[in-house]
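S.K.: Once you've had a glance at the structure underneath, I'll fire off some questions.
The values are calculated or read from the model by the stated rules, or taken from the named source; none is laboratory data. Only a predicted model underlies this, so the values are computations on that prediction, with no experimental measurement involved. A quick note on method: Cβ atoms are made from the backbone with ideal geometry, for glycine too, and the neighbour counts reach across all protein chains shown. Calculation scope for accessible area: heavy atoms of the full protein, side chains included, ligands and nucleic acids excluded. Shrake-Rupley method; radii C 1.70, N 1.55, O 1.52, S 1.80 Å.
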Amino acid sequence: MRTIKNEKGFTLVELVLVIVVLGILAAFAVPKFIDVAKNARIASINGFAGGLRSAVAVVKTQYMVVGTNTTPVTMADGSTVAVGIAGAAAGVPTGAAAGIGAALNDTSGFTAAFGSPTTYQPTNGGSATCQVSYDPATGAVTTTTGGC
């Protein structure tokens, strides 16, 4: 007489092996995921800095077109931007909300601290070592990404 076994399911050894393999894969995936968040924050800092540089250039160009010693500068959309009128700061947006704050149309995702320099930090993970700085005396924009 012949017996037929009707086996269904996995053995305990097979299940343990699958769990071990998944654990090894997770050990490699988690550090990669952490780097992705850091890289995304750095990319947003660099993108915001590019937009800030463009805004400064547009305002300075409008200042030159309209004529020097004019503040605030009226932009094409009717908004006004406060600018410096002397020396290297001529035509460069001031560090105030009426200056560089008005030159940028959208700063969502960033927190601004107006002054000299004006700093923009990401609302998610920003700090003094993860920010964009704007110098109203020269119009220079610098990024700090060491602590992102």
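S.K.: Looking at Pro93, Pro72, Pro117, which is the one that is farther than 11 Å from Pro136 by Cβ and crowded, with 17+ Cβ neighbours inside 10 Å?
M.R.: Pro72
For every residue, the table says whether it meets (1) within 13 Å of Pro136 (Cβ to Cβ); (2) charged (D, E, K, R); (3) crowded, with 20+ Cβ neighbours inside 10 Å.
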| residue | (1), (2), (3) |
| --- | --- |
| Val81 | yes, no, yes |
| Gly84 | yes, no, yes |
| Ala98 | yes, no, no |
| Gly109 | no, no, no |
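S.K.: Check Val92, Val36 and return the single one that is hydrophobic (A, V, I, L, M, F, W, C), touching a Lys or Arg at 6+ places or on another chain (Cβ under 8 Å) and either in contact (Cβ under 8 Å) with a residue 24 or more places away in the chain or closer than 23 Å to Gly147 by Cβ (or both).
M.R.: Selected residue: Val92, the only one of Val92, Val36 that is hydrophobic (A, V, I, L, M, F, W, C), touching a Lys or Arg at 6+ places or on another chain (Cβ under 8 Å) and either in contact (Cβ under 8 Å) with a residue 24 or more places away in the chain or closer than 23 Å to Gly147 by Cβ (or both).
S.K.: Let me ask something else about it. Could you list, in sequence order, all residues of the stretch 107-136 that are outside any strand (DSSP E or B) and within 20 Å of Thr61 (Cβ to Cβ)? Write out each step before concluding.
M.R.: Keep residues of the stretch 107-136 that are outside any strand (DSSP E or B), which gives 107-109, 114-117, 123-126, 128-129, 136.
Answer for the stretch 107-136, where residues must be outside any strand (DSSP E or B) and within 20 Å of Thr61 (Cβ to Cβ): just Pro136.
S.K.: Just one of Ile19, Ile42 is open to solvent by 80 Å² or more (accessible area, probe 1.4 Å) and either in contact with an Asp or Glu (Cβ under 8 Å, 6 or more places away or on another chain) or farther than 14 Å from Gly91 by Cα (or both); which is it? First the steps, then the outcome.
M.R.: Values: Ile42 fails: open to solvent by 80 Å² or more (accessible area, probe 1.4 Å).
Criteria check complete, one pass: Ile19.
S.K.: Tell me which residues, restricted to the stretch 137-148, are surrounded by 14 or more Cβ atoms within 10 Å (Cβ to Cβ), of a type in the set (Gly, Ala, Ser) and part of a loop (DSSP other than H, G, I, E, B).
M.R.: Ala137, Gly139
S.K.: For residues that are in a loop (DSSP other than H, G, I, E, B) and open to solvent by less than 90 Å² (accessible area, probe 1.4 Å), scanning just the stretch 1-16, find the one that is modelled with the highest pLDDT.
M.R.: The qualifying residue modelled with the highest pLDDT is Thr11.
S.K.: Being of a type in the set (A, V, I, L, M), assigned to a strand (DSSP E or B) and on the phi < 0 side of the Ramachandran plot, is that true of even one residue in the stretch 42-62?
M.R.: no
S.K.: Cβ-Cβ under 7 Å, sequence separation 6+ or interchain: first residue in the stretch 49-64 and farther than 17 Å from Gly95 by Cβ, partner open to solvent by less than 50 Å² (accessible area, probe 1.4 Å) and outside any helix (DSSP H, G or I). Which pairs?
M.R.: Gln62/Val73; Gln62/Met75; Met64/Gly91
S.K.: All but one of (1) more than 15 Å from Ala103 (Cβ to Cβ); (2) free of Cβ contacts under 8 Å to residues at least 12 places away in the same chain hold for Asn46, so report the exception by its number.
M.R.: In the conditions (1) more than 15 Å from Ala103 (Cβ to Cβ); (2) free of Cβ contacts under 8 Å to residues at least 12 places away in the same chain, Asn46 misses (2) alone.
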